[in-house]
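None of the figures in this text is laboratory data; all of them are computed from the coordinates on show. Note that the structure is a prediction, hence the values are computed from the model and not measured. Virtual Cβ from ideal backbone geometry, glycine too; neighbours counted across all protein chains shown.
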């Protein structure tokens, strides 16, 4: 199964390279597929599924794509992901149209969510860090995503010099949508190495 997963991941990265930097991460017992950190697909049991929204799912259904069924506590639940079968893989133009649509809708959804979501609603961000971010000129989720964890941390350090590495990890976790303890080893190691080279440590 691991070999199958590696093959499909490699194929996905090659096929969708024009969409941006393609990354995969463990999720739902499979792997999420993201372009420039925006998730638009899912690899599960060696198959690729593209993410749809209510506004565009009729296009995926028109292509006769099967909807992903996830069993939760013995109860089947339909998820808004649609199977890329052999027929879709074989028609490159259709596949790219659908993947571009999935990515565009994912970005639109994030913009809408960011416009209504407060910073403190993100994982690891309490009211204290939210207030500090506001003082640093980072007023909303979109701004935090724009600057990223490192630049945001430097802005916070300019206001409060004694901030530790935990805040840096918290910001990265917030942007990844997960608790800082759930960051991958690669993310954690890279951030810790960057932190060690900051002045006045």
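For the chain, modelled as a GNM with alpha-carbon contacts under 10 angstrom, which of 139, 67, 187 fluctuates the most? Taking springs between Cα atoms under 10 Å, the residue moving most is 187. Panel order for 57, 161, by other beta carbons found within 10 Å of each beta carbon, from fewest to most: 161, 57. On a 0 to 90° scale, report how tilted helix 2-15 is relative to the longest principal axis of the chain, with both axes built from alpha carbons and the result rounded to the nearest 10. For helix 2-15, the angle is close to 80 degrees. Counting other Cβ atoms within 10 Å as a rough exposure proxy, the listed residues 16, 40 run 16, 40 from fewest neighbours to most.
For segment 51-155, take the convex hull of the Cα atoms, compute a quarter of its surface area, and give me that in nm², please. Spell out each step's value before the answer.
Details: hull surface 37.5 nm².
Reported value for the Cα convex hull: 9.4 nm².
Can you pull a Stokes-Einstein diffusion coefficient for segment 2-116 at 20 °C (1.002 mPa s), Rh from Kirkwood over Cα pairs, as a whole number of µm²/s? Diffusion coefficient, whole number: 148 µm²/s. Where does helix 92-116 land angle-wise versus the long Cα axis of the chain, in degrees 0 to 90, nearest 10? Its long axis makes an angle of about 40 degrees.
Which order results if 157, 51 are arranged by neighbouring Cβ count within 10 Å, fewest first?
Numbers: 157 17, 51 26.
In order of increasing Cβ crowding within 10 Å: 157, 51.
Between 91, 15, 53, the GNM of the chain built on Cα springs shorter than 10 angstrom shows 91 fluctuating the most.
Per-residue ellipticity at 222 nm from helix content only, as computed over the chain with -39500 (n - 2.57) for each DSSP H run of at least four residues, stands at -16000 deg cm²/dmol.
Here the chain is treated as a Stokes sphere of Kirkwood radius computed over C-alpha pairs; at 25 °C and 0.890 mPa s its diffusion coefficient rounds to 132 µm²/s.
Helix 165-176 and the long axis of the chain differ in direction by around 30°, with both axes built from C-alpha atoms.
Its Cα gyration tensor gives segment 119-196 an equivalent ellipsoid. The semi-axes, each the square root of 5 times an eigenvalue, are 18, 14, 10 Å from largest down.
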